[in-house]
Amino acid sequence: MTAACRITGAAALALALSLWGVGADVMAQTAGAAGQAELPVVTLATAERGWIEARVPVSGSLVARREVRVHALVSGHEITGIEAEAGDRVEAGQVLARLSEDVLAAQLAQAEAEYQRAEAGISQAESQIASAEANLTQAAATLERTRSLRQGGNASQAVLDQAIAAEASARAAAASARDGLGVARATLAQADAARRIARLNLDHARITAPVDGVVVARTARLGALSGGGDEPLFTLIAGGEVELEADVIETALSQLEPGDTAEIEVAGLGPVAARLRLAPAAVDPVTRLGAARIALAPDPRLRPGLFAGGWIITDRRQAVTVPASAILADDGGERVQVVKDGRVETRPVRAGLIWQGRREIVEGVAAGEAVVARAGAFFRSGDQVQAAP
């Protein structure tokens with residue numbers, strides 16, 4: 001065999017060995033890939049720290065925080081003027097309507113005259129007292145002289161008896177005059193009260209706003225008589241404050257505290273800043289709902305009767321959260337499936353609030369750990385899995 005033949009044979013052997021090594025590597029890689037492909041594929045999610053909130057749903061209608069009804073305080077008088085309409089903003093003391101003053105003015109004049117007559121009666125009674133006391137003094141002096149004369153034998157018993165009777169009559173007249181002064185003073189007090197009532201009635205001919213606020217209803221009509229029924233002439237919202245009277249389910253009442261922030265959406269207006277003013281004090285036994293009062297930020301567009309709904313935020317804090325679907329719950333408690341180095345670890349946890357599709361983990365999982373996004377009961381601790389792309 002020549003040298004050229006030996007070289008060609010050696011080269012062929014080397015090429016064969018090389019091809020065998022490459023094939024072996026490819027086979028090994030293929031086997032590894034096949035083994036990897038047999039592992040279950042799971043979608044992983046990361047436990048994250050972020051803000052969560054606890055919310056209570058509410059809905060209801062807007063109402064006046066404090067409704068004020070204005071009635072006529074004198075009855076039977078014609079309404080001669082109306083100076084406010086529904087929607088007007090008024091101030092305390094501002095005139096809303098006027099009544100006819102003719103009869104009321106005449107009644108005041110009559111009361112003034114009665115008061116003046118009662119004052120004259122006081123003067124008359126005082127004059128009568130002075131006259132009666134003078135007569136009593138004179139009668140007492142006459143009686144004293146007559147007694148002296150009788151003792152000296154210069155006056156008869158009949159004269160003495162007349163003097164005694166005259167003194168007694170004068171004393172009674174003085175007492176009656178003093179009583180008459182008391183009656184005159186009582187009459188003056190009564191006339192003064194009647195005069196003050198007449199003045200008040202005349203003042204009430206001007207129907208005024210008792211508080212600052214907004215007129216939301218008017219039933220007063222020109223020519224109508226005042227005090228014809230229980231219906232108020234005007235209805236005001238004190239201060240123009242409108243709030244939401246919202247229904248709250250009974251199971252959420254224990255979470256509410258006055259001052260809680262609320263997110264309210266008013267029909268036709270959009271979001272309005274709000275805060276819980278009054279938590280429900282009772283629950284309707286039929287509907288199982290309680291009525292809460294939610295104060296709304298001032299807005300002239302708010303009107304009683306508008307529908308509104310939203311949420312009362314009862315808690316807001318930072319916490320570790322995972323997708324709500326990552327938590328398994330059964331009679332044994334709550335747990336998640338943590339994946340570390342491609343292996344599943346079923347770990348018991350204590351879960352809390354649900355917020356925007358995520359669940360709070362109070363303890364059991366740390367931020368940054370990977371969990372199975374949709375946990376399955378068929379996984380066991382130690383199982384190998386591969387993450388979905």
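Some points to look at:
- Flag if T219 is of a type in the set (S, T, Y), surrounded by fewer than 17 Cβ atoms within 10 Å (Cβ to Cβ) and more than 18 Å from the chain's Cα centre (by Cα): yes
- Members of the stretch 64-100 that are over 23 Å from the mean Cα position of the chain (by Cα) and closer than 13 Å to G239 by Cα: D88
- So V336, is it of a type in the set (V, I, T), without any contact (Cβ under 8 Å) to a residue 40 or more places away in the chain and surrounded by 13 or more Cβ atoms within 10 Å (Cβ to Cβ): yes
- From the list A113, A97, A106, A118, the lone residue that is assigned to a helix (DSSP H, G or I) and buried (at least 19 other Cβ atoms within 10 Å of the Cβ) is A118.
- Extreme residue, surrounded by the most Cβ atoms within 10 Å (Cβ to Cβ), among residues of the stretch 357-371 that are without any contact (Cβ under 8 Å) to a residue 60 or more places away in the chain and not in a strand (DSSP E or B): G364
- Taken over the stretch 129-174, the criterion of being assigned to a loop (DSSP other than H, G, I, E, B), loosely packed, with under 12 Cβ neighbours inside 10 Å and of a type in the set (S, T, N, Q) is satisfied by N154 alone.
- Considering the stretch 62-79, the residues that are surrounded by fewer than 15 Cβ atoms within 10 Å (Cβ to Cβ) and of a type in the set (G, A, S) include one that is farthest from L244 (Cα to Cα), namely G76.
- All positions within the stretch 135-176 that are touching a Ser or Thr at 6+ places or on another chain (Cβ under 7 Å), more than 26 Å from A125 (Cα to Cα) and at pLDDT 80 or above: none
The values are calculated or read from the model by the stated rules, or taken from the named source; none is laboratory data. Just so you know, these numbers come straight off a predicted model, no measurement behind them. Note that we place each Cβ from the backbone using ideal geometry, even for glycine, and neighbour counts take in every protein chain shown.
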